[in-house]
Amino acid sequence: MEFFVQRLKDECGVTVKTVIGFPLTDVVNAAQAQQDSSTDMARFASDGVSSVIFVGDPITPVYFTSAATRQQYFPEWIQTGSALTDTAIFGRVYDQQQWVHNFGFSALADRVPPDQTPAAKVYTWMFNHTAPAVTEFPIIYAVVNPLMTGLTLAGPRLTPQSFQCGEPPFKSKTAGGQPCVGQQYPGMFGYPISPTSWKTRVANAVLSWGDHLWPWDDYNQTDDGTLIWWDPNAQGPAENNVQGKGLFRYLNNGARYMYGQFPKGAVPWFDPNNTQTVFAALPAADKPPDYPFSCYYLCNSPGN
């Protein structure tokens, strides 16, 4: 946190007045979260905090935003893309008098129809039918995909080191100087930048590990992001396909940016022109190859 606060001051001229920590909110400590939120928002208001940079779980903002409104405290809420706070599913349950002032960054892929996400496309190719839980599958896929990729690329002897770098002989080194990226089993750090059309992608997120795109060893799978703001009046489906009011809008028609490439100068926050909420179809630049279906396993399961 100290690094982040100092970086904001040095590069952006922003002084962080108040820093607080809080436990993750769940059903066990909900009462405590409500009490703490009232105290925290009162402190922010007293300290003259104009903008809240939230990094935490997606439940805590329920209490933060409601406590702020009860105290007639209406700051900006800076979106960091933290733990699904950048989804409509959660955005709709936060206090809308507060969340109407939410804007910032998201590392999630731009939204497309549920049956056209990369996760859904992989499922359809494998099983020859649409995923039964097509709206939930992208969340499952985002967790399972890097795990299974790492297990495959690690080689026959699974260790933390082989998961990262594969099996020797190695053909490169990590940014820290460790021999890495096996010739046959390259590990996660040898995984190529994805998608292969990443320089022309529209909605898809860029994924990689290692030092492909960074001057240090990168362990986080998403390497780009987009600019978003909350429109409480936008009509459409949330990520669970429930119709309703409240969606994030992607600026510049959903343009995605790499580190150091985000637009400089005035940003047209809260202007609905040239924005997207959910793409009507997967953009042509993001469409995967049309692989023919062939049953590889679970061939006697329903649908195969």
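Rule-based calculations on the coordinates, nothing more; no lab input. Note that the coordinates shown come from a computational prediction; the quantities given were computed from them, not determined experimentally. Cβ: placed from backbone, ideal geometry, glycine included. Neighbour counts: every protein chain shown.
Values for this structure:
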{"quantity": "Difference of contour (0.36 nm per residue) and Cα-Cα distance, Glu11 to Asn145", "calculated": "44.7 nm"}
{"quantity": "Max mean-square fluctuation residue, GNM over the chain, Cα-Cα springs under 10 Å, options Ile53, Ile20, Ile89", "calculated": "Ile20"}
{"quantity": "√(5λ) per eigenvalue of the Cα gyration tensor, segment 2-134, largest first, Å", "calculated": "33, 19, 13"}
{"quantity": "Given Lys9/Lys264; Lys199/Lys264; Lys199/Lys245, the pairs whose alpha carbons are separated by over 26 Å", "calculated": "Lys199/Lys245"}
{"quantity": "If the convex hull is drawn through the Cα atoms of segment 88-158, its volume per residue in Å³", "calculated": "133"}
{"quantity": "Point-charge dipole on Cβ atoms (K/R +1, D/E -1) for the chain, about Cα centre, debye to 20", "calculated": "380"}
{"quantity": "Mean ellipticity per residue at 222 nm, deg cm²/dmol - from DSSP H runs of n ≥ 4 across the chain, formula -39500 (n - 2.57)", "calculated": "-8000 deg cm²/dmol"}
{"quantity": "Rounded to whole Hz, the Karplus (6.51, -1.76, 1.60) HN-Hα couplings of segment 130-142, x for glycine and proline", "calculated": "5, 4, x, 9, 5, 7, 8, 4, x, 5, 5, 4, 4"}
{"quantity": "Part-to-part distance (alpha-carbon centres) for segment 282-296 and segment 219-246, which is given in Å", "calculated": "24"}
{"quantity": "Nonlocal amide H pairs with Asp218, under 5 Å, H built at 1.01 Å", "calculated": "Gly210, Asp211"}
{"quantity": "Of Lys173, Lys121, Lys287, the one that fluctuates the most in a GNM where the chain has Cα springs shorter than 10 Å", "calculated": "Lys173"}
{"quantity": "Gaussian network model of the chain, Cα within-10 Å springs - most flexible of Phe163, Phe293, Phe103", "calculated": "Phe293"}
{"quantity": "Cysteines, the chain, no other Cys beta-carbon under 4.7 Å", "calculated": "Cys12"}
{"quantity": "Semi-axis lengths (Å, descending) of the ellipsoid that matches the C-alpha gyration tensor of segment 165-266", "calculated": "36, 16, 11"}
{"quantity": "Karplus 3J(HN,Hα) series, Hz, for segment 250-262 with 6.51 cos²θ - 1.76 cosθ + 1.60 (x for Gly, Pro)", "calculated": "8, 6, 6, 6, x, 4, 10, 10, 7, 4, x, 10, 5"}
{"quantity": "Size of charge dipole - segment 112-243 - debye, nearest 20, with Cβ of Lys, Arg +1 and Asp, Glu -1, no other charges", "calculated": "440"}
{"quantity": "For segment 1-155, size of Cβ-based charge dipole, Lys and Arg +1, Asp and Glu -1, in debye", "calculated": "120"}
{"quantity": "Dimensions in Å of the chain - Rg and Dmax from alpha carbons", "calculated": "21.5, 64"}
{"quantity": "In sequence order, calculated HN-Hα J values of segment 171-188 (Karplus, 6.51, -1.76, 1.60; Hz; x Gly/Pro)", "calculated": "10, 7, 9, 6, 4, x, x, 7, x, 7, 6, x, 5, 9, 10, x, x, 5"}
{"quantity": "Loop-located trypsin sites (Lys or Arg not before Pro) in segment 17-110 whose Cβ has at most 16 other Cβ within 10 Å (DSSP)", "calculated": "Lys17"}
{"quantity": "Positive-end residue of Pro168, Ala142, Ile59, charge dipole of segment 32-171 with Cβ unit charges", "calculated": "Pro168"}
{"quantity": "The chain - percent relative contact order, Cα under 8 Å, separation 6 or more", "calculated": "16"}
